[in-house]
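The values are calculated or read from the model by the stated rules, or taken from the named source; none is laboratory data. Everything numeric in this text was worked out from a predicted model, so none of it was measured. Cβ placement follows ideal geometry from the backbone for every residue including glycine, while neighbour counts extend to all protein chains displayed. The area values use the complete protein model at the heavy-atom level, side chains included, leaving out ligands, DNA and RNA. Shrake-Rupley method; radii C 1.70, N 1.55, O 1.52, S 1.80 Å.
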Amino acid sequence: MAAGVMLVLSGLLALAVLVGDLFGVRAIGLVLADPEDAEGFDLLDSLAALESAVNGLSALLLLATAAAFVVWFHRIRANAEQFVPNGHRLGSGWAVGAWFTPVVALWFPWQLVVDCWRASAPVDPEGRRRIVSQWLVSAWWTAWIGSLVAPRIARALVRADSGFGEAGERLEAMRTALQVEVAGNALRVVAAVLAVLVVWRLTEMQIARAAMVIPLADRTEAVGGVRESAPAGATA
């Protein structure tokens, strides 16, 4: 519940930032269309002040969301190992470390979630795991990686054009960078929505899987008891 709530709040904040970026693109457009028009400059000043306040809130919310999500996933990984002890490509320590280790954080967490997803899949009455589509996990991770890459592209665009060309050219470069930021924040909103669905679905799968463990164990014990008590020469 905590992970889901924090992800929803992060998504709402990303949506607010997305709206602010759209206003920023409009403000730069006004300045480019008429450098003498004060409306565009006033809007840019207001957005700059709002951005400084949002950045602080965003950092705190990111830390809180990361903490709640990692605690949730650590429990999910422990449960999944109980269901399928040998079905994981990475050790249990990576359930926490993978999210904070440079470079491998781009794909290790995805592998961990996929392995947990497979291990938590429902089973039939005979105990055989069913195949569950992983499109939700793949869509979430793709959107998340895209939301991380977009701001870096935007910063590279700004650095590449800073200090060169006319003021109009620099503003045009800023608008292009801001449009990339818009795309990144849109992906961040999508990633937050998909992450909530992943948390909900994976949790529900594990609850259902855990409910099957005791009946299957009882059935196995009962069959074993029949075999042990069967007379010599009898077949079970």
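Summary table below
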{"quantity": "Accessible area of the range 71-211 belonging to carbon and sulfur atoms, whole % at 1.4 Å probe", "calculated": "63"}
{"quantity": "Alpha-carbon centroid distance for the pair the range 84-140 / the range 172-189, whole angstrom", "calculated": "31"}
{"quantity": "Whether the range 1-123 is rounded, prolate or oblate, judged on the alpha carbon gyration tensor where a/c under 1.5 counts as rounded", "calculated": "prolate"}
{"quantity": "Cleavage-rule hits, trypsin sites (Lys or Arg not before Pro), the range 40-121, DSSP coil, Cβ neighbours within 10 Å at most 12", "calculated": "Arg89"}
{"quantity": "Thr176 accessible area, 1.4 Å probe, all protein chains in place, Å² to nearest 10", "calculated": "60"}
{"quantity": "Where the range 62-149 is the region considered: accessible area per residue in Å², 1.4 Å probe", "calculated": "53"}
{"quantity": "Shape call, the range 49-90: gyration tensor on alpha carbons, a/c limit 1.5", "calculated": "prolate"}
{"quantity": "Whether the range 66-115 is rounded, prolate or oblate, judged on the alpha carbon gyration tensor where a/c under 1.5 counts as rounded", "calculated": "oblate"}
{"quantity": "Taking the range 50-141 and dividing mean pair separation by its residue count, relative contact order in percent (alpha carbons under 8 Å, at least six apart)", "calculated": "22"}
{"quantity": "Amide H within-cut-off set for Val123, under 5 Å, with H built and near neighbours excluded", "calculated": "Arg130"}
